[in-house]
Amino acid sequence: MSSHIHRPRLTRTSGLRLAAVALVVGSALAPTVASAQAPRRIIEVTSPEFRAFPIAIPTARAPGDAALPGRQITEQLRWDLETSILFQVLDPKSFLADLEKEGLTAATIRFEDWLNVGAEGLVKIGVTGEEKVEATFRFFDVTSGRQLLERTYTAPASEARSMAHAFADALIAYLTGQPGIFQTKLTAIRKTRSGREVWVLNMDGSDAAPATNNGSINLLPAWYPDGKKLLFTSIQDHNPSMFQLSLDGGRAQTLSNRPGLNTGGAVSPDGQKVALTLTRDGNSEIYVMDADGKGLKRLTEEWTIDSSPSWSPDGRRIAFVSARHGDPQIFVMNADGTGVQRITQQGNYNQTPDWSPRGDLIAFTARDERNVFDIFTVNPESKVIRRLTQDQGNNEEPSFSPDGNHIVFTSTREGKQQLWIMGVDGSKQRRLTESGGWMTPAWSPYLKTQSELPAR
C-alpha cells in the first residue's frame, strides 16, 4: 500500500456568496426571521468546487451570571464548526470589530469589519440567565448584511453546551438541507479491570457511560437504524453469542447463540435483516438472518475466512472481508450473496470495511509495508483508493458519521488507543477521549431525540 496521502480537492464555488445563491434559489428573503428558516442548500458538499465556508463566531454577549455559560456555548459552537469539514472558523484574534460596541442585530453590526477579515458568515450569540439559561443565536450573511437564521434555546446551565450543538445542527441543516451530526452519539468498546464493556458517548466524546456492566468480554457494537438499540457480541454465557440491547434500559436479549462464533453483526438500513459472521459450519462465513434471529441464510462458502459485513445504504449490497485470494481484501456482493466482486487490489491486509451513508465510499483499515495500520477509503465503483492517515501510530476501525462527511476511528498516535474523528478527506483529525482502551467505535444514525431543546 502506497504511503502517499491522497486527498480529494475541497473547494466551494469561487465568488459564490450567500445572498447571491439565496436570490437564485428563490425570491429575496423577507425581513422576518420565520421566512428565512427554509434550507437553501447554499453549501453543496459533494460539489467538486466545494470549499470550507469561512465563518466568524465572536464570544457570546452574556452579562453577569450568564458569562460562564456564554463562554461554554461559544467554545462548544466553535469546536463543533471547526470539527465540521463544512466550515473554516476564523481565529478570534483576527477580528477587527469593536465587540464592546457592536450589537447582536444587523442594524448594529459593521459588516465591512467582518468582510475585511475574510468572513462570509457571522454568528452572534446572546445569553441570559444563571441556573436556567436562554441563548439566542443569529446567523448573518456578511456580504449582504442580512440575517438568515435565528434560534433561541432554553436549558439548565449544566446543559449549556447542548444549545451550541442544537444550533450547529440547525445551521448545517439550513445551509445544506441535511441534518447536522452534533447531537448524534457513538458506541465503542472500552477496556475495564474485569473485561471489555460497551459504552455510549456523545459525538464530541462527552458524557461517556457504560451500556453494559456484565464483567465479561463484549465486542463489536453496532447501531440499529432507529438509534434505540445496539447489537454486540459477548461471551457472558461462555459462548461468543450475539445480543441486542435497548438503550432505554433492561437486560440484553440473546439474538444468536449458535455453536461457535456469532459476531460482526450489522443491521440492514431498513432494520429488517442482520448480517453476521458465524463459524457454525467450521469456517468463518457471512450469513444473514431476520431481525428476530430467525430465517438464517448463508451467503458465502469459501475455504478461507469471510467476515466483517457492512451494508450499503440502499440495503442492496454488502461489503465484507475475504482472504479467498490469499490475503485479506475488501469484497462486495449482492445482499443475497450473488455477484461477488473484489474492490481492493492494493495492499496485503485490508479489513474492517464501513460503507458510507452516501454510498460513494467504503472506509477500511489496511496494513502498509511497514506493518503499520492506517485508514483508507475505496470507491466501490471506480475502485480508487485514498489514504486518510499516515505516520501517526496505528489508526484503525473506521465508522462513518450519518452524513457521510466524517469518520470516527481509533488511534495510538499519543500512546494509548483512543477515539479520534476526522473529515472524510482525512482533514481535521482530533482526539475525542482522554483515557485509553477504546476500540471498534460505531457512529449512530440520526437520532429522533435531536433538537428537543425548547426553541423558537
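Working note: Karplus 6.51/-1.76/1.60 with θ = phi - 60° gives the stretch 399-413 the couplings 9, 6, 6, x, 8, x, 9, 9, 9, 9, 7, 9, 8, 9, 4 Hz, where Gly and Pro are set to x.
Suppose every Lys and Arg Cβ carries +1 and every Asp and Glu Cβ carries -1, with no other charges. What dipole size does the chain come out with about its Cα centre, to the nearest 20 debye?
Dipole size: approximately 240 debye.
Shown in residue order for the stretch 138-153 are the 3J(HN,Hα) couplings computed by the Karplus curve 6.51 cos²θ - 1.76 cosθ + 1.60 at θ = phi - 60°: 10, 10, 10, 8, 5, 4, 8, x, 10, 7, 10, 8, 9, 9, 10, 10 Hz (x for Gly and Pro). Approximating the spin labels as points 7 Å out from Cα along Cα→Cβ, the Val117-to-Asn379 distance works out to 3.9 nm. The dipole here belongs to the stretch 243-324: it is taken about the Cα centre, uses +1 on the Cβ of Lys and Arg and -1 on the Cβ of Asp and Glu, and is about 80 debye. Each of Phe409, Phe53 was scored by other Cβ atoms within 10 Å of its Cβ. Arranged with the fewest first, they read Phe53, Phe409.
Placing dummy labels 7 Å off each Cα toward the beta-carbon, the span from Arg298 to Leu247 is 3.6 nm.
On full extension, the segment bounded by Arg110 and Ser216 gains 32.1 nm, given 0.36 nm per residue less the C-alpha separation. Residues whose amide H falls under 5 Å from that of Ser401, counting only those 5 or more places apart or on a different chain, are His406, Ile407, Val408, with hydrogens built in the peptide plane. Neighbours of Ser216 by Cβ distance under 15 Å: Lys/Arg scored +1, Asp/Glu scored -1, total +3.
In order along the stretch 414-431, the Karplus-derived 3J(HN,Hα) couplings, from 6.51 cos²θ - 1.76 cosθ + 1.60 at θ = phi - 60°, round to 10, x, 7, 7, 10, 8, 10, 10, 7, x, 5, 8, x, 7, 6, 6, 8, 7 Hz, and Gly and Pro are given as x.
Projecting the Cα atoms of Ile85, Phe331, Gly426 onto the charge dipole of the chain, computed from C-beta unit charges around the Cα centre, puts Phe331 farthest toward the positive end.
Label-to-label distance, Thr254 versus Arg413, with points set 7 angstrom from Cα along the beta-carbon direction: 4.4 nm. Helix 160-176 and the longest principal axis of the C-alpha atoms of the chain enclose an angle of approximately 90°.
Can you sort Asp368, Asp292 by how many other beta carbons sit within 10 Å, fewest first?
Exposure proxy ranking, most exposed first: Asp292, Asp368.
Each other residue within a Cβ distance under 12 Å of Phe409 adds +1 if Lys or Arg and -1 if Asp or Glu, for a net charge of -1.
The simple Förster model, with R0 at 35 Å and r as the Cβ-Cβ distance, assigns Gln346 and Glu434 a FRET efficiency of 0.50.
May I ask you to list the residues of the stretch 54-82 whose amide nitrogen lies under 18 Å from a point 7 Å from Cα along the Cα→beta-carbon direction of Glu130? Backbone N within reach: 62-72. Remark: Glu285, Glu134, Glu397 ranked as Glu134, Glu285, Glu397, counting other beta-carbon atoms within 10 Å and listing the fewest first.
The numbers here are math on the coordinates, done by the rules we state, and not lab data. This structure is a prediction, so every number in the text was calculated from the model and none was measured. Cβ atoms come from the backbone with ideal geometry, glycine included; neighbour counts cover every protein chain shown.
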